Amino acid sequence: MNDKELEFSVFCIESVAERLGCKGERVYELLTEKSSILKEYIIPNYEVLHTLGKEYIVDDIIAYMQQEGVVG
């Protein structure tokens with residue numbers, strides 16, 4: 001993971017946490033320990049995702065989390 005991907009990952013985690021009303025640490029756990037969304041979706045799709053708006057990115061990640069069963 002390069003610096004831009006790391007910065008984007010932190011942005012995604014904090015933005016999703018804000019939307020879900022929880023701490024970033026919890027979202028990080030959901031994306032890495034309860035699933036592999038960070039490693040298998042967010043980072044590999046960085047080039048596309050980082051060009052999109054915050055609301056779209058957050059909606060997309062939450063929808064993926066729901067599909068994977070890590071949030072209701």
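Applying the Karplus relation 6.51 cos²θ - 1.76 cosθ + 1.60 with θ = phi - 60° to region 56-61 yields 3J(HN,Hα) values of 5, 4, 5, 4, 5, 5 Hz, where x marks Gly and Pro.
Restriction of the trypsin sites (Lys or Arg not before Pro) in the chain to DSSP coil positions whose beta-carbon has at most 13 other beta-carbons within 10 angstrom yields Lys23.
Only helices enter this figure: runs of n ≥ 4 DSSP H residues, each worth -39500 (n - 2.57), summed and divided by the residues of the chain, yield -19000 deg cm²/dmol at 222 nm to the nearest 500. Principal axis extents of the C-alpha atoms in the chain (largest first, rounded to whole Å): 28, 23, 21. Note on the chain: lysine pairs with Cα distance below 19 Å, sequence gap of 8 or more or different chains, count 4.
Laboratory data are not the source of any read-out in this text; all were calculated from the coordinates shown. What you are looking at is a predicted structure, and each value in this text was computed from that prediction instead of being measured. Here Cβ is always computed from backbone atoms with ideal geometry, including for glycine, and neighbour counts include all displayed protein chains.
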